[in-house]
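Here the structure is laid out as structure tokens; the discussion comes afterwards.
The values are calculated or read from the model by the stated rules, or taken from the named source; none is laboratory data. It should be emphasised that the depicted structure is a prediction, and the values quoted were computed from it without experimental measurement. We place every Cβ from the backbone using ideal geometry, glycine too, and count neighbours over all the protein chains shown.
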Amino acid sequence: MRIASGKLRGHRIGFRPAKGLRPTSEKVRQAVFDMLRGRLGEASVLDLFSGTGAFGMTALSEGAARAVFVEKDSCQCRQIRQSLEKLKLAERSEVLCADALAYLEKAPASGDYFDLVFLDPPYGDGSARRAIELLSRSSLCRGDGLVVAECRRNESLPKKAGTLCHLKTKIYGDTQILIYGFARTDDPETEAGSGA
């Protein structure tokens, strides 16, 4: 697996194949970062259900100031740390070996915040929907922050959760990428959210 874009494009990311690990294809990751062009400079990024850590590492390659990786599998956490060290990204990173949903449930008390959240849970187990609901109630994202969620093509995710509104959907084979943003509560046009 390689970093899809940015200064470290083409550099390899080490990972251990494991049951339940479903790395996002390089083509899909490249398409995601093409959509995010111009938003990553100096951004603070949260990579939930990190797996290989490819989303967070590519964000750092694209100029993000900082990335926090949340992954519950201890072997994958070690591998992410090793890759960050090898790529000289460790000083701009933090790896938390924790369940992503449990992390989100505690998030209101964390005092942390992010400009961009990547959300790539196991397909079809309800984690994506639950994570979106928890993010909508947390203070983890800045007002102009974005959430990028990946799920199976036929999986249904909410168009709106609290002030978190669906902005765009892209389909790549069996993969669905949904972009969410935060509506201002004083803006009636964004209150209903948008579908694409």
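Couple of notes before you dig in:
- Residues of the range 136-158 classified as touching a Leu at 6+ places or on another chain (Cβ under 7 Å), free of Cβ contacts under 8 Å to residues at least 40 places away in the same chain, within 21 Å of L40 (Cβ to Cβ) and not small (G, A, S), total: 1
- For the range 14-40, taking the residues that are in contact with a Ser or Thr (Cβ under 7 Å, 6 or more places away or on another chain) and modelled with pLDDT of 85 or more, the one that is surrounded by the fewest Cβ atoms within 10 Å (Cβ to Cβ) is identified as Q30.
- Inclusion of S127 among residues that are surrounded by 15 or more Cβ atoms within 10 Å (Cβ to Cβ), of a type in the set (G, A, S), more than 24 Å from L157 (Cβ to Cβ) and in contact (Cβ under 8 Å) with a residue 60 or more places away in the chain is not warranted.
Every residue, every condition in (1) touching a residue at least 40 places away in the same chain (Cβ under 8 Å); (2) within 23 Å of Q176 (Cβ to Cβ); (3) over 11 Å from the mean Cα position of the chain (by Cα), yes or no:
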site	(1), (2), (3)
A59	yes, yes, no
S83	yes, no, yes
A102	no, no, yes
E105	no, no, yes
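- Unique match (being touching a strand residue (DSSP E or B) at 6+ places or on another chain (Cβ under 9 Å) and among the hydrophobic types (A, V, I, L, M, F, W, C)) among A102, A43, A107, A90: A43
- Within the range 152-186, being among the hydrophobic types (A, V, I, L, M, F, W, C) and in contact with a helix residue (DSSP H, G or I) (Cβ under 8 Å, 6 or more places away or on another chain) holds for L157, A161, L164, C165, I177, I179, A183.
- Taking (1) of a type outside the set (V, I, T); (2) under 14 Å from the mean Cα position of the chain (by Cα); (3) not in a strand (DSSP E or B) in turn, S139 satisfies each apart from (2).
Yes/no per residue for (1) part of a loop (DSSP other than H, G, I, E, B); (2) at positive phi; (3) among the polar types (S, T, N, Q); (4) at pLDDT below 95:
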site	(1), (2), (3), (4)
V45	no, no, no, no
G51	yes, yes, no, yes
A67	no, no, no, no
V70	no, no, no, no
Q76	no, no, yes, yes
E91	no, no, no, no
E105	no, no, no, yes
D115	no, no, no, yes
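- Flag for D34 being assigned to a loop (DSSP other than H, G, I, E, B) and over 11 Å from the mean Cα position of the chain (by Cα): no
- Residues (more than 14 Å from K7 (Cα to Cα) and surrounded by fewer than 20 Cβ atoms within 10 Å (Cβ to Cβ)) located in the range 45-67: R66
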